[in-house]
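Enquirer: Attaching a single structure in structure tokens format; questions to follow.
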Amino acid sequence: MNFKLLFFSCLLLSVTNIYPSIAAKTLFLPVTKVLHSPRNQYVTVVKQRTPLISVKLTVDLGLEYPWVICDHGYVSSTYKPAHCGSAQCSFAKHIFENCQDCYHGGTINTPGCNNNTCVIDSFNTVGQRSVSGELFQDVVTLKSADGRLLSSPNLLFVCSFTDPFAGLASGVKGIAALGRTKVALPSQLAVAFGLDRKFAICLSSSTTSSGALFFGKGPYNNTKLFDVSKALTYTSLLTNPAYGKDVGFYYIGVKSIKVNGKLVPVDSKYLSFGYPVPHTGGTSITTTQPYTVMQHWVYYAVVEVFVEEMEKINIPRVADVAPFEGCYNSTHIARTAVGPALPSIDFVMGDGAIWRIHGANSMVQVAEDVLCLAFIKDGEDFSTNCAIDIGGYQLEDNFLQFDIANNRLGFSSSLLSKQTSCSDFNLKYH
Ligand SMILES: *[C@@H]1O[C@H](CO)[C@@H](O)[C@H](O)[C@H]1NC(C)=O
Ligand SMILES: *[C@@H]1O[C@H](CO)[C@@H](O)[C@H](O)[C@H]1NC(C)=O
């Protein structure tokens, strides 16, 4: 090899390291289900800071601003606070810039306590409390789907000082915001690594075998050598007109619900945006509710039709087990590849797409021989402003691709019907 060529190839190598976007198409992160009362969580791990450490983050599909807890020794030589008037602050701010000196107190010029920084409000959805702190940038390293480690020096997070017991599962140090806005991770990673503005999530139902989070366009091959993106049905991602485009939530247009093919008598008006008041209504998708939460007018209508259909097939009903209604003696229920053999539940979208929910996602085992309908009514512990908030249990072993650039959601329904599951990605990429 002559010197010119050697020089050229070294240059190329260093350029690839500085601008990983040249080759990255898809990034992969494992996601693990963690049992936690009252809210099970789906937890991922990113490598952040200098020196790099692993940081556990709870995944929140609808959140706008990613945040990490700063008050338990955030140590990093590459921590950069975002100063007022900077491009970072204007990129992140929503309404006005909240400019502060050492917002959280402590030692000046340490993470969370820098002068002249913009303070951003985010949210701890599992602990149901607001979280705020200075905006900062730091190094984040992720793995590409083809196994390379790629690094970005500039990912924005909010530096939060928070009650560590505020609902987060053990060891979790913040929330990975996957919302629809530009500061959420899907859009930040798309810019930093030159990816398409789309991401996919596949939550495993197992606590011992991880599911997958992909950033970028795929392919999303699993160990069964099957590209799941080829098996998706698409529906539009909607915008709640009362919020406009600047919120993190992913809404889809559920227009009616069927149980065993039978229409549930809920007027589509009660499923749409703006009912009962502006900012409410519609159907969103969330990873921070453990089960789908419905307003009572939707919930009771679904339970009633489900109970009728179960009577028709003579499954003995047993006493309700809170927070669930519609519980059955499971010794009388056959098992199939997609879970207990029971009436399927369909969410029918305005654009004609149908999201079918089989037994594995519609029924939860609450005791040795008791299965309950895995939906919850809006209330104190599990509240929502939406008509339907599709939660974690209903998403497990379903593959979802959020195509932010094209405002559409691709969904697979249960992968169990295709003899695979969300834990079939892990071995391939981990
Ligand atoms: C930070 O701001 C405070 C007042 O808001 C000031 O007293 C202090 O000297 C500043 N520290 C630095 C390092 O600029
Ligand atoms: C379920 O049915 C079995 C068999 O009929 C019975 O032995 C058992 O006690 C029932 N369990 C409940 C919770 O009703």
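Enquirer: For the peptides 280-292, 39-51, what is the packing order when you average, over each peptide's residues, the other Cβ atoms within 10 Å and list the highest mean first? The partial results should precede the final answer.
Expert: Details: 280-292: 24.2, 39-51: 20.2.
Averaged packing, sorted descending, gives the order 280-292, 39-51.
Enquirer: Enter the Cα centre distance for the pair segment 275-299 and segment 59-119, rounded to the nearest angstrom.
Expert: That distance is 32 Å.
Enquirer: Another one. Work from the charge dipole of segment 214-355 (Cβ charges, +1 for Lys and Arg, -1 for Asp and Glu, about the Cα centre) and give the residue of TYR328, LEU237, THR286 farthest towards its positive end.
Expert: About the Cα centre, the residue reaching furthest to the positive side is LEU237.
Enquirer: Sort 333-342, 110-119 by packing, meaning the average of other beta carbons within 10 Å per residue, with the highest value first. Before the final figure, lay out the partial values.
Expert: Values: 333-342: 16.5, 110-119: 20.9.
Going from most to least packed, we get 110-119, 333-342.
Enquirer: What net charge do the residues around GLN41 carry, taking every other residue with its C-beta under 11 Å from that of GLN41, with Lys and Arg at +1 and Asp and Glu at -1? Intermediate values should be presented prior to the final figure.
Expert: Numbers: positive: LYS33, ARG39, LYS56; negative: ASP60.
Within the 11 Å Cβ shell, the charges total +2.
Enquirer: Relative contact order for segment 270-397 using alpha-carbon pairs under 8 Å, separation at least 6, rounded to a whole percent?
Expert: 40
Enquirer: Over 18 Å between Cα atoms, which of LYS198/LYS418; LYS56/LYS143; LYS230/LYS418; LYS255/LYS312 qualify?
Expert: Values: LYS198/LYS418 24 Å; LYS56/LYS143 15 Å; LYS230/LYS418 12 Å; LYS255/LYS312 26 Å.
The pairs that break the limit, which is 18 Å between Cα atoms, are LYS198/LYS418; LYS255/LYS312.
Enquirer: Exactly which trypsin sites (Lys or Arg not before Pro) in segment 219-250 are in a DSSP loop and have at most 11 other Cβ atoms within 10 Å? Could you put the intermediate results ahead of the total?
Expert: Values: sites: LYS224, LYS230, LYS245; in loops: LYS224, LYS245.
Answer by residue number: LYS245.
Enquirer: Per the 1.4 Å probe, what fraction of the accessible area of the chain, in percent, lies on carbon and sulfur atoms? If you can, show how the numbers build up before the last one.
Expert: Working: 10090 of 18130 Å².
Within the chain, the accessible surface is 56 percent carbon and sulfur.
Enquirer: Could I ask something else about it? Counting only other residues whose beta carbon sits under 13 Å from that of SER77, what net charge do I get with K and R as +1, D and E as -1?
Expert: Values: positive: ARG49, LYS80; negative: ASP138.
Result for the local shell: +1.
Enquirer: Let me ask something else about it. Using only helices, what value at 222 nm comes out for the chain when you add -39,500 (n - 2.57) per DSSP H run of length 4 or more and divide by the total residues, to the nearest 500 deg cm²/dmol?
Expert: Values: 7 runs with 60 residues, N = 430.
Here the helix-only value at 222 nm equals -4000 deg cm²/dmol.
Enquirer: With Cβ to Cβ distances under 15 Å as the rule, what net charge do the other residues near LEU371 carry (K, R +1; D, E -1)?
Expert: Working: positive: ARG317, ARG335; negative: GLU309, ASP320, GLU325, GLU368, ASP369.
Once all neighbours under 15 Å are counted, the net charge is -3.
Enquirer: Right, another one. For the chain, calculate the relative contact order in percent as a whole number, restricting contacts to Cα pairs under 8 Å that are 6 or more residues apart. Can you show the working numbers first?
Expert: On the way: 1069 pairs, mean separation 75.5, N = 430.
It comes to 18 percent, rounded to a whole number.
Enquirer: I've got another one for you. For a quick check of understanding: with a 1.4 angstrom probe and all protein chains in place, what accessible area in square angstrom does ASP71 have, to the nearest ten?
Expert: About 60 Å², ignoring ligands and nucleic acids.
Enquirer: So what is the relative contact order for segment 101-168, in percent, with contacts set as C-alpha pairs under 8 Å and at least six apart? Intermediate values should be presented prior to the final figure.
Expert: Values: 125 pairs, mean separation 18.6, N = 68.
This gives 27 percent for segment 101-168.
Enquirer: Of PHE249, PHE411, which has the most accessible area with a 1.4 Å probe, and how do the rest follow in descending order?
Expert: Sorted by accessible area, descending: PHE249, PHE411.
Enquirer: Would you work out the charge dipole size for segment 80-162 about its Cα centre, treating the Cβ of every Lys and Arg as +1 and the Cβ of every Asp and Glu as -1, and quote it to the nearest 20 debye?
Expert: On the way: 5 positive and 6 negative charges, 42 e Å.
Approximately 200 debye in magnitude.
Enquirer: Restricting attention to the alpha-carbon atoms of segment 67-145, what are Rg (one decimal) and Dmax (integer), both in Å?
Expert: When restricted to the Cα atoms of segment 67-145, Rg and Dmax are 13.2, 41 Å.
Enquirer: Assuming R0 = 35 Å, what is the FRET efficiency of HIS83 and ARG129, from their Cβ-Cβ distance, to the nearest 0.05?
Expert: Numbers: r = 27 Å, r/R0 = 0.77.
About 0.80, to the nearest 0.05.
Enquirer: Top mean-square fluctuation among VAL126, VAL75, VAL139, Gaussian network model of the chain, C-alpha springs under 10 Å?
Expert: VAL75
The values are calculated or read from the model by the stated rules, or taken from the named source; none is laboratory data. Just so it is clear, the model here is predicted, and its values are computed rather than measured. All Cβ positions, glycine included, derive from the backbone under ideal geometry; neighbour counts span all protein chains shown. Heads up: the accessible areas ignore ligands, DNA and RNA and are worked out on the full protein's heavy atoms, side chains in. Shrake-Rupley method; radii C 1.70, N 1.55, O 1.52, S 1.80 Å.
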